[in-house]
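Asker: One structure, as structure tokens, below. Some questions next.
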């Protein structure tokens, strides 16, 4: 059409700063209410995986009522993002895969796990995970103890950094 200015073509971000800004913009696309975003995520996973993560979420909230919930790491290959629970730093995140639900504790390697809930993520030096397959139960009291230990570890680490 004559007289109408063409909009420049949109290009993919190239520099690290441009990529960081793009990630930041995608994170802002959420509702701003982390708990509500997690509700939406759980409704979108309306099978055994969503039920399993909903139960884990209830246990996290029972163990740490002041937990902060949010969806992080939205990207084209995972537009729903990842539910994350934080208190003085990231405690844990939940992911749904085809054959399992994975609950990863950010500082799991530093936590005592007397009930041996951790069954994955032993290859790294920081994180530990719990993989749950359909029909597998999560020991509620042991899981809540891990959440409380994760909060204590985050506070300990934060105190070391600030003091």
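The values are calculated or read from the model by the stated rules, or taken from the named source; none is laboratory data. The structure displayed is predicted, hence computed values, not measured ones. Don't worry about glycine lacking a Cβ; one is built from the backbone with ideal geometry, like all the others, and counts go over all protein chains shown.
Asker: Is it the case that region 110-118 has a residue that's outside any loop (DSSP other than H, G, I, E, B) and modelled with pLDDT of 95 or more?
Answerer: Yes; the residues of region 110-118 include at least one that is outside any loop (DSSP other than H, G, I, E, B) and modelled with pLDDT of 95 or more.
Asker: If you don't mind, another one. When you scan region 23-44, how many residues do you find that are modelled with pLDDT of 90 or more and either outside any helix (DSSP H, G or I) or closer than 14 Å to residue 92 by Cβ (or both)?
Answerer: 1
Asker: Sticking with this one: Working only within region 111-147, note down all residues that are exposed (fewer than 11 other Cβ atoms within 10 Å of the Cβ) and under 22 Å from residue 62 (Cβ atoms).
Answerer: If the condition is that a residue be exposed (fewer than 11 other Cβ atoms within 10 Å of the Cβ) and under 22 Å from residue 62 (Cβ atoms), then 112, 114, 116, 137, 141 are the ones that fit.
Asker: What number of residues within region 119-152 satisfy the criterion of being over 23 Å from residue 89 (Cβ atoms) and part of a helix (DSSP H, G or I)?
Answerer: 2
Asker: In addition: Going through region 63-108 one residue at a time, which ones are closer than 23 Å to residue 44 by Cα and outside any strand (DSSP E or B)?
Answerer: Correct list: 67, 73, 74, 76, 77, 79, 80, 81, 97, 98, 99, 100.
Asker: Here is a follow-up. Check whether at least one residue in region 122-130 is over 17 Å from the mean Cα position of the chain (by Cα), over 14 Å from residue 53 (Cβ atoms) and at pLDDT 95 or above, and report yes or no.
Answerer: Scanning region 122-130 turns up no residue that is over 17 Å from the mean Cα position of the chain (by Cα), over 14 Å from residue 53 (Cβ atoms) and at pLDDT 95 or above.
Asker: Kindly evaluate residue 58 against the criterion of being modelled with pLDDT of 90 or more, part of a helix (DSSP H, G or I) and exposed (fewer than 14 other Cβ atoms within 10 Å of the Cβ).
Answerer: Yes, satisfied.
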